[in-house]
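The block underneath contains the structure these notes are about, expressed in structure tokens.
The values are calculated or read from the model by the stated rules, or taken from the named source; none is laboratory data. Computed from a predicted structure; not experimentally measured. Because the Cβ atoms are built from the backbone with ideal geometry, glycine has one as well, and the counts that use them run over all protein chains shown. For accessibility, only protein heavy atoms count, side chains too; no ligands or nucleic acids. Shrake-Rupley method; radii C 1.70, N 1.55, O 1.52, S 1.80 Å.
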Amino acid sequence: MSAAPRPRDPYRWWRAALGLYTTLFLGFLYLPLVVIVVLSFNNSTSTGFPLTGATTKWYGQVLNSADLLAAFGNSMAVGATAAAISTALALLLALGFRHGVRGQSLVLNLILLPVLLPGIVGGIVLLIFFGYMEVRSDLWTTVLVAHVNYVLPFAFLTLYPRVHGFDRALEEAAMDLGATPMQVFRHVVWPILMPAVVATALFAFTLSFDEFIRTVFVSGHDRTIPVLFWLLVVDEIAPYLPAMAVVIILVSTALSLAAFAIGRRADRAT
Amino acid sequence: MPREDREAAAGAVAVAIRKVGKRFGSVAALDDVSLDIRRGEFFSLLGPSGCGKTTLLRSIGGFEAPTEGDILIEGRSVLHLAPYERPTNMIFQHLALFPHLGVRDNVGFGLRMKGADRAETARRVQEVLRLVRLEEYGDRRVDQLSGGQRQRVAMARALVNDPAVLLLDEPLGALDLQLRLQMQEELRRLQRQLGATFVFVTHDQGEAMAMSDRIAVMNAGRLQQVGTPAEIYERPANRFVATFVGHANLVEARLTGRRQDGFAEAVSADGLAFLGQAPPHAGARDAVLAVLRHEKLRVHPSDTVQAGVAASVVERTYMGSSLRFTCRAQGGAILTADTPNDMPGRDIAEGAAVLLDWSPADVVFLTE
């Protein structure tokens, strides 16, 4: 007794085409990353193919380079500070917007407009502005201002929906139970919004950490990781560049994943 | 001092609403509302959505500011007090339990905000959890509780503060019928046990009837009638109350005379004659609205009684515990009767000739 012939799948060509498309799509996305990772272990003094053997010495060089460590320190410090400042400003704005401020939509548009401004224009504008104001380019003045300026709209866009969706009845309930406005914030609003605030700060940090085009105009002698990277590419195709890229990818990915995970917790909480 | 102010000062009145109005632009959410809520009573604000009952409740709690009038709690004006300074606690429509706190911390929130001693807080929280029968649930998170349990947490969270007035904003609205009836009983039990003053907002007349010592019926921002459930039901003050609470036959009629025994006579345009409670301020020939509750109208098969209004059954509707007969009286008036399912005559069919009668004491004449 033989099994009944299975009906032919009318979509089999579509399925095959979709599989091929998906493979190509993911290939375009991830192949360059795979190549970088492979090259970072390539024992060759010139960056690129052919592969001439495996080594981890480039990672050793990267992790012991004074320039790189200085730039890494700069990026971490400016990123943390810019994230803190822009998240705090975004939180205050979002909290204020719930009460219906006068001219609210104008303010909202003014905050979001810089997102549409091309980065290179933003960089030139900042350069001219700081030149006019006679501010010397330096990490803690021009770079920090440029980063807060760039990150704030994104921080606001991330945080506002969470703050806006906060159930006002919870605040009323707290007030009804005798909490003053300060106590309402401390015991109800802050604990519930905190995961969203942390996720926003991490997101802001990764944006600052990756920011290049504005920074390169205003960084002066101080270098952040992307600026250093660019100088290394322009000055010399250093053999340890792929290893450096991998380190940066790892740091950025870890931070983004953390932000994502905390953001999901925040969504469940509110 | 006017009489009502003396009464408020003497402590018989928990909440005094004095000519309170609330305008949003040209729309009046509350219009000249005055009423006294007595200490220790279960008082309901009843009306359709948008009638102003929630606005009035939130004004007592301090979440809305009236644009006119005054609100006194225990004889003291509270309009200048913020919600956290008022001796009231509210149970919110969607409960508004704090999602980041466990049951115990939710209940103890009010005491903590007032800086109560830690051991004292723990003791009072446990006590009030026992009161609402949740003593085993102190360590739960609020999202691990059933709907009924969440209701009880909300009650405990408010009651632990020992409020002068407990405000309830339709907290049972989201529950299914069985649980709702159970929580109604629970609320009533708590209120009696504590002797507390409850102000309960609802659009459900059955709920208001079953739970309240007194009811204020509201519509379009105005107070329609204040009274016990029986007064509201048996002696509606106007057409709105007569139709919003229960089911009634409403017949336009004109007074024709007043009798020695206190009843008045009226005749409708289609010739139906009524005897009923004489309206206090009506002239001898005034137009009135005769109100007769469906269940006060009796239907008899023609061959079983001698007297009554001759009519025929237009429609017979089976409603479970009762039967509804829609009848056309001689002259054309349509009258509806609700008859208990065990009454003789429940087998009356559509088209049958019947005699209708009712007691004059059950007819209310409204002058409008």
For chain B, what is the mean residue ellipticity at 222 nm derived from helices alone (per DSSP H run of n ≥ 4: -39500 (n - 2.57); sum divided by total residues; nearest 500 deg cm²/dmol)?
-> -7500 deg cm²/dmol
Could you pull out which residues in segment A:156-180 have an amide N less than 12 Å from a spot 7 Å beyond the Cα of B:GLN93, following the Cα-Cβ vector?
-> A:169
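Run the helix sum for chain A: -39,500 (n - 2.57) per DSSP H stretch of 4+ residues, divided by residue count, reported at 222 nm to the nearest 500 deg cm²/dmol.
Result for chain A: -24000 deg cm²/dmol, rounded to the nearest 500.
Sorted by mean Cβ packing within 10 Å, highest first, what order do the peptides B:173-185, B:333-345 take?
B:333-345, B:173-185
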Largest fluctuation, B:GLY21, B:GLY115, B:GLY147 only, Gaussian network model of chain B with Cα springs under 10 angstrom, belongs to B:GLY115
Which sequence of A:VAL35, A:VAL151 reflects their accessible areas, 1.4 Å probe, from the largest down?
-> A:VAL35, A:VAL151
Just counting partner chain Cβ atoms within 10 Å, what average do the residues of peptide B:90-102 show around their Cβ?
-> 5
To the nearest whole number, what is the average tally of beta carbon atoms from other chains within 10 Å of the beta carbons of peptide B:74-84?
-> 2
Order of exposure, largest accessible area first, which applies to B:LEU187, A:LEU110 with probe 1.4 Å = A:LEU110, B:LEU187
Partner lysines for B:LYS22 [C-alpha distance under 25 Å; skip if fewer than 8 residues away on the same chain] | B:LYS53
Give the accessible area for B:ARG104 in Å² (nearest 10); use a 1.4 Å probe, count only protein heavy atoms, and leave out ligands, DNA and RNA.
-> 80
Under a 10 Å cutoff between Cα atoms, tell me which one of A:ARG223, A:ARG15, A:ARG98 has the largest fluctuation in the Gaussian network model of chain A.
-> A:ARG15
For chain B, calculate the relative contact order in percent as a whole number, restricting contacts to Cα pairs under 8 Å that are 6 or more residues apart.
-> 15
What accessible surface, in Å², does a 1.4 Å probe find on B:MET155, ignoring ligands, DNA and RNA and rounding to the nearest 10?
-> 10
Contour excess over end-to-end distance, with Cα ends at B:ALA82 and B:ARG258 and 0.36 nm allotted per residue | 57.9 nm
Using a Gaussian network model of chain A whose springs link C-alpha atoms within less than 10 Å, name the residue from A:TYR11, A:TYR30, A:TYR132 with the highest mean-square fluctuation.
-> A:TYR11
Projected convex hull area of the protein assembly as shown, Cα atoms, direction-averaged, in nm², equals 53.0
Can you give the accessible area of A:TRP58 in Å² (nearest 10), computed on protein heavy atoms with a 1.4 Å probe?
-> 10
Residue separation between A:VAL35 and A:ALA258 times 0.36 nm, minus their alpha-carbon distance, gives in nm 77.7 nm
Label-point separation in nm, A:LEU69 to B:ASP362, each point 7 Å along Cα→Cβ | 9.8
Chains A and B: buried accessible surface, both sides, probe 1.4 Å, rounded to 100 Å²?
-> 1700
Sequence of A:THR81, B:THR243 when ordered by accessible area, the most exposed leading, probe 1.4 angstrom | B:THR243, A:THR81
Evaluate peptide A:188-200: per residue, the Cβ atoms of other protein chains within 10 Å of its Cβ; return the mean as an integer.
-> 1
